[in-house]
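Working notes, beginning with the structure itself.
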Amino acid sequence: MNFSKSFRNTFLVILLSLIVSACATKKTTTTVEGQMQGDVYTGTDTVKYLADGVPDRVFFATNESILTTKSRDTLRKQANWLRENSSINVVVEGHADERGTREYNLALGERRANAAKDYLITYGISADRISVISYGKERPVDSGSNPLSWSKNRRSVTVKAN
């Protein structure tokens, strides 16, 4: 009987300790607007705008330069805006995440930028108005080293040319 009472008291002390420590633990959460679709970031916290309502960037899957449905929708908006603003030329920047060699990521960034450029051309934008540059992994938008950060960095960005 003495063993049962001792066990019960020890159990209660441990249980209360766990409850107190759980209540005292500060829980921090980070809310990131957007979501992952496959391994392509589709959020808006890194998206800026080429013009009002026209996103400036599209995202890609790991080691890919294939445009997603969402990317094609964004590029159609860019093409419509560029048709309405025929005096503006743009530069399509290609970017990659931190993984891989510098050379590989420069080539991947170029393929991504060219994929966006080619899509704009199919919507009637003259190739003479679009320049392409690759920054590879040299200009991350998110310097984290995790899957969400990497997905934000796998992108092409359309900017107004000087």
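The values are calculated or read from the model by the stated rules, or taken from the named source; none is laboratory data. Small disclaimer: the values here were computed from a predicted structure and weren't measured. Heads up, the Cβs are rebuilt from the backbone with ideal geometry, glycines too, and the neighbour counts pull from every protein chain shown.
Things worth noting here:
- Candidate set: region 35-50, residues that are surrounded by fewer than 16 Cβ atoms within 10 Å (Cβ to Cβ) and part of a strand (DSSP E or B); chosen: the one modelled with the highest pLDDT: Y49
- Residues (under 12 Å from V91 (Cβ atoms), free of Cβ contacts under 8 Å to residues at least 60 places away in the same chain and under 20 Å from the mean Cα position of the chain (by Cα)) located in region 133-162: I133, S134, Y135
- Number of the condition not met by A161 [criteria: (1) in contact with a strand residue (DSSP E or B) (Cβ under 6 Å, 6 or more places away or on another chain); (2) under 17 Å from V47 (Cβ atoms)]: (2)
- Screening S134 against (1) crowded, with 16+ Cβ neighbours inside 10 Å; (2) part of a loop (DSSP other than H, G, I, E, B); (3) not basic (K, R) leaves a single unmet condition, (2).
- Restricting N162, N80, N89 to those that are within 25 Å of G53 (Cβ to Cβ) and modelled with pLDDT under 95 reduces the list to N162.
- Condition broken by G100, with the remaining ones in (1) on the phi > 0 side of the Ramachandran plot; (2) part of a strand (DSSP E or B) satisfied: (2)
- Condition met for E84 (loosely packed, with under 15 Cβ neighbours inside 10 Å and over 17 Å from I66 (Cβ atoms)): yes
- Residues that are in contact (Cβ under 8 Å) with a residue 60 or more places away in the chain and not aromatic (F, W, Y) do occur in region 94-103, at least one of them.
- Qualifying residue in region 107-126 (condition: among the hydroxyl-bearing types (S, T, Y), more than 14 Å from the chain's Cα centre (by Cα), modelled with pLDDT of 95 or more and not in a loop (DSSP other than H, G, I, E, B)): yes
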